[in-house]
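Student: Pasting a structure below so you can have a look.
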Amino acid sequence: MQNREVANKGRRKAIKLIGGLSALTILGAGITISQLEPKYLSLDEVIIQLRSLQSSTIQSTGAWSADHIFNHCAQSIEMSMQGYPEHKSPLFKNSLGKRAFKVFGYQQHMTHNLSEAIPGAPAISSTSTKLALERLIVALQRFEHYQDKLAPHFAYGELSKDDYRLAHILHINNHLEEITIDVS
């Protein structure tokens, strides 16, 4: 019941914001993804949202470029299947890490340093935003069809596939807060 209320509230907010979109278009303003749509809480919804960006002019309001953000999110998903190069201590993962993940899940929103690389991960090379976006979509699709054991998360420890799915969705949604599309 509570999830339905949250979803309905998000839809009402999106409808109000989209109603004001024509005024923003006239001004040629950039709007953030999080201003347009409610938070997406299924992989299918995230993929639909990401595909809708493929024909848009995308920019970042943060420290990282849009292509870097999409490649970072893809890298995180890929590492959930392949393994993370570095981990927080077992003490951290079993205390603060698990607690943080539970709070994020309960709030259905993640907040983290949006310009912090995955510990020990290879540097992300600059690519086109279109290629980075496609990499992220493919990573999500691969994850959804992945049948083997998932690697422990570097900060949260062992996660079920459902928990990992939620972690990836919340991670992407948090990064989308810095993505804008040009509506001019």
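Student: Any residue at all in the stretch 113-134 that's of a type in the set (D, E) and closer than 21 Å to L43 by Cβ?
Tutor: yes
Student: Restricting to the stretch 123-167, and then to whatever is among the acidic types (D, E) and part of a loop (DSSP other than H, G, I, E, B), can you tell me which residue is nearest to I69 (Cα to Cα)?
Tutor: E158
Student: Being at pLDDT 95 or above and either under 26 Å from S52 (Cα atoms) or charged (D, E, K, R) (or both) narrows it down to one residue among Y146, Y156; which is it?
Tutor: Going through Y146, Y156 in turn, just one is at pLDDT 95 or above and either under 26 Å from S52 (Cα atoms) or charged (D, E, K, R) (or both): Y146.
Student: Please indicate, with yes or no, whether at least one residue in the stretch 106-124 is at pLDDT 95 or above and aromatic (F, W, Y).
Tutor: No - not one qualifying residue is present in the stretch 106-124.
Student: Scanning the stretch 84-118 for residues that are among the small types (G, A, S) and in a loop (DSSP other than H, G, I, E, B), which turns out surrounded by the most Cβ atoms within 10 Å (Cβ to Cβ)?
Tutor: Filtering first and then ranking leaves A117.
Student: Let me ask something else about it. Against the conditions (1) within 20 Å of E158 (Cβ to Cβ); (2) among the acidic types (D, E); (3) loosely packed, with under 14 Cβ neighbours inside 10 Å, where does E78 fall short? Just the number, please.
Tutor: Result: E78 fails condition (3) only.
Student: Sort out which residues of the stretch 124-141 are hydroxyl-bearing (S, T, Y) and surrounded by fewer than 21 Cβ atoms within 10 Å (Cβ to Cβ), and write them in order of number.
Tutor: S125, S126, T127, S128
Student: Could you grab me the full set of residues in the stretch 142-159 that are more than 15 Å from Q82 (Cα to Cα) and surrounded by fewer than 22 Cβ atoms within 10 Å (Cβ to Cβ)?
Tutor: A155
Student: Further question on the same structure: Pick from K161, K130: which is basic (K, R), within 17 Å of the chain's Cα centre (by Cα) and within 21 Å of I58 (Cβ to Cβ)?
Tutor: When all the criteria are applied, what remains is K130.
Student: So which pairs qualify, if the first residue must be in the stretch 129-155 and in contact (Cβ under 8 Å) with a residue 12 or more places away in the chain, the second must be hydroxyl-bearing (S, T, Y) and part of a loop (DSSP other than H, G, I, E, B), the Cβ gap must be under 6 Å, and the two must be at least 6 apart or on different chains?
Tutor: F154/Y84
The values are calculated or read from the model by the stated rules, or taken from the named source; none is laboratory data. Values in this document were obtained by computation on a predicted structure and should not be read as measured data. Neighbour counts run over all protein chains shown; Cβ positions are idealised from the backbone, glycine included.
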